[in-house]
Amino acid sequence: MKKMRFWAVIMLVATLGAMLLSACGSAAQNVPMMETKGMDEMMPEAMPQAVAGGNALRASDVETFAAAVDMPEAVQRLVIRNADMDIVVADPKQAADDIARMAEQMGGYVVSANVYTRRSADDVEMLYGHIMVRVPAEKFDEAVEQIGNMAERIDRKEITGQDVTAEYVDLESRLKNLEATEAQLQRIMNEAVSTEDVLSVYQELSRVRGEIEQVKGRMKYLRDSARMSAISVNLTPSEAAKPFTIGGWQPVGVAKDAILMLLRTLRGLANIVIWLLLYFVPVLLILGLVFGYPAWWLLRKGYRRWLKPKKPAEKADDSGK
């Protein structure tokens, strides 16, 4: 009886194992067929023909395939472009009005504008100005060019660009996570029973909502900054920009040249001192230790042996004879 039971158990286990292996084999055979069928449905007709013929894929075929498999579109880049200019104009107030009018015509606006007076070296009040405008990014280069055309002279023009695409994508991901957390906290608070639990969840929910508002505000700032470029312009009157002259002589220019020559001379002296301290002195010390000291020792020894005069021998005392 025991042997019969033993063999019955063995047969049952073997039967179950065979059924399990058969089921796994059937599933493994069905998987490739399902995957191949799904890819055939998603792949346009032009794709297998191009592959079979050995031809290179056209751009239109790639776009069709990307649309068929629902691939994500390329992220639009966000670049913030700004300009900072110092220009010389005949009338700073009129120039500020012209720049503001230009920005409004381009679809932009004035961020800030300031016209003020300043006394010159000869105690004459002169009008200066500063204006900052924002214009659409696609008209940024045109606006900078028009401002330059308004100036008698451009003393400085600095254009900067900052790519904030990565930051914006990170903010989008962070916003999705925060909104998902907010939904979970809202559901937990709705299901909470005790007042303590409700207050605890409410505090956490308020914190998450605050972070959501911060992220949304930062994203809005990046979008607006990339969409509307900022141009800051310092306006200097032409009278203040003229050099001081006396009968064709420009003492200010001469003084600048003298100061420049003095600075160059001081720089040259400083370079000489640095070379002496950091290069020549160490090199001389090394050469002295390696070659100078042995040569001095050999000369001293040779002088004592061959060149130094010998003292006359003292006469022996008579008593010692």
Checklist outcome for this item: For the range 184-199, in residue order, the Karplus 3J(HN,Hα) values (coefficients 6.51, -1.76, 1.60; θ = phi - 60°; whole Hz; Gly and Pro = x) are 5, 5, 5, 5, 5, 5, 5, 8, 5, 10, 6, 5, 4, 5, 4, 5
Next on the checklist: Whole angstrom only: what separates the Cα centroid of the range 180-221 from the Cα centroid of the range 129-177?
Outcome noted: 36
Checklist entry - Counting other Cβ atoms within 10 Å, which trypsin sites (Lys or Arg not before Pro) in the range 140-186 have at most 12 and lie in a DSSP loop? => result none
Checklist outcome for this item: Counting sequence-distant residues (5 or more places) and residues on other chains, those with an amide H built under 5 Å from that of V89 are E152, T236, S238
Checklist entry - Hey, got the Cα dimensions of the range 77-256 along the principal axes, in Å, largest first? => result 92, 34, 31
Next on the checklist: Per-residue counts of other Cβ atoms within 10 Å, averaged by peptide: what ranking do you get for 85-97, 105-117, 285-297, highest first?
Outcome noted: 85-97, 105-117, 285-297
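Values quoted throughout were computed directly from the atomic coordinates according to the rules given, and no laboratory measurement underlies them. Please read these numbers as outputs of a predicted model, since none were measured by experiment. Glycine also receives a Cβ, built like all others from the backbone with ideal geometry; neighbour counts cover every protein chain displayed.
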